[in-house]
Amino acid sequence: MAVKPAGRLRNLGRVQTAEPLAVHRPKLRWWKEFVLVVVFYAVYSFARNQFGSAKVEGENAPVHAFHNALDVIRVEKWLGLYFEPQLQAAFIGWEWFIRFWNVYYGTFHFVVTIAAFIWLFVRAPVRFTRWRNVLACTTALAIVGYSLFPLMPPRLLDEGPPYGGREWVVQDEQGMVVQVGPDIEGVDRPPFGYVDTLAVFGGLWSFDSGAMEEISNQYAAMPSMHTGWAVWCAIVMWPLVRRRWAKVLVVAYPLATVFCIIVTANHFWIDGAGGLVCLAVGFVLGTAIDRWNNSRLTRRAAAVPAPAQPAA
């Protein structure tokens, strides 16, 4: 009775569990990917910062963003999952702990994503184009969210003007300057109980600095790309690590990120859910783009005549 070699069985298992391989893949060049990332992120940052904060201070952005925050709170209370103030209050007395998460919020989002992007490029080029497209589509969808749904983050709900929800100055229909406060029926009036941890405890940067205040959009909270990118990193890194402790870290990273965005009062938990929705739609779009491009390359290769064989 013939017995299949063990090595063949192992290889068969790998083929069955691996992602489908395309017939043709574009030739990857590191410098081209670098340029694409820089250009895309520059466009993303520019578009993201066109909605809210200093760019539209003279309009009703704070009012709109505050009302949207109230709607989010209403939804979370209806679901019985409005726990953000209690979560932050449980840890706010640990200054060193909160400062760590402030640094985490401002650095890991970029460092881990860049590391995962490079690692994927080097270790899994067959999967690279698909997941690069997924990341790009996810991020592009986030811009739509920022433009259509400016959202005041929890840390600003108890803050004053120009960006906070405690009070602000707007113009009425006749152009007269009037004071408007967040006295909305059905929602608890301030204080909401949040602390702006970056302003109180500090980190590597501050929204109050001149340059950051001018270019940032403090109402770009829905969806949370900290969450979307963190889950993207976990998905692409999971097949690339073998040791158990490394897999634990891969799973822990998006969980720690969700904890971070809530304990620092930069997001509601529902913003993280919005990031996951963007990632899911981005996966569908990115996969479709990758398949279309592979089909295009396959048709192009089929159209090229085969080289003539030398005469015998």
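The values are calculated or read from the model by the stated rules, or taken from the named source; none is laboratory data. Because the structure is a prediction, the values reported are computed rather than measured. With ideal geometry, Cβ positions are generated from the backbone for all residues, glycine too; neighbour counts draw on all protein chains shown.
Residues that are among the charged types (D, E, K, R), modelled with pLDDT under 65 and within 22 Å of Q86 (Cα to Cα): does segment 195-207 have at least one? No, segment 195-207 has no match at all. In this structure, does T107 turn out to be crowded, with 21+ Cβ neighbours inside 10 Å and among the polar types (S, T, N, Q)? So T107 does not fit the description; no. If you go through segment 80-91 one residue at a time, do you hit one that is assigned to a helix (DSSP H, G or I), surrounded by fewer than 17 Cβ atoms within 10 Å (Cβ to Cβ) and small (G, A, S)? Within segment 80-91, one or more residues are assigned to a helix (DSSP H, G or I), surrounded by fewer than 17 Cβ atoms within 10 Å (Cβ to Cβ) and small (G, A, S). Would you check if there is a residue in segment 109-130 being touching a Gly at 6+ places or on another chain (Cβ under 7 Å) and farther than 30 Å from R155 by Cβ? Looking for residues that are touching a Gly at 6+ places or on another chain (Cβ under 7 Å) and farther than 30 Å from R155 by Cβ, one finds at least one in segment 109-130, hence yes. The residues of segment 124-163 that are under 20 Å from the mean Cα position of the chain (by Cα) and surrounded by fewer than 18 Cβ atoms within 10 Å (Cβ to Cβ), listed by number, are A140, V144, S147, L148.
Of all residues in segment 228-267, those satisfying the criterion of being surrounded by 17 or more Cβ atoms within 10 Å (Cβ to Cβ) and either charged (D, E, K, R) or not in a helix (DSSP H, G or I) (or both) are T264, A265, N266, H267.
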